[in-house]
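Values quoted throughout were computed directly from the atomic coordinates according to the rules given, and no laboratory measurement underlies them. Owing to the predicted nature of the structure, the values given are computational and were not obtained by experimental measurement. All Cβ positions, glycine included, derive from the backbone under ideal geometry; neighbour counts span all protein chains shown.
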Amino acid sequence: MRFSVLVAILAEDMEEKAIEVAKAAGAGGVTLLDARGIGAEEKKTFFGLTYEGSQSVLLFVLERSLSLKVMKALTRELELTEHSRGVVFTLPLEHIAGIENRQMQRFQENVKDDL
């Protein structure tokens, strides 16, 4: 079985909806990181203070075909192509340890369902 890490970098206010969408598409656990980003465009300032807004980084370890399904669901449900409030991408995993047997069985069931 081959795995990917799916990375979603989103506005913080989209975090909970993103988790719901990912779980509905078959994702299990997620690791959440707080982040700040610096975009290509200058941000507006108010009395010399710049508000960038908080971002969340969501990391999912998924079976490769499931990662594509989750990525498509996130892109569609969060309207990422229309509102440019986040980015989702996958990276291949070469080696992995520490996934519970229960999670491995779930991955296998999802793969069987797609066949």
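Annotations for the structure displayed:
- Gain on full extension, evaluated as 0.36 nm per residue between R102 and L59 minus their Cα-Cα distance, stands at 13.6 nm.
- Neighbourhood net charge (15 Å Cβ-Cβ; Lys/Arg +1, Asp/Glu -1) for E94: +1
- Taking Lys and Arg as +1 and Asp and Glu as -1, the other residues whose beta-carbon sits under 10 Å from that of S4 total +1.
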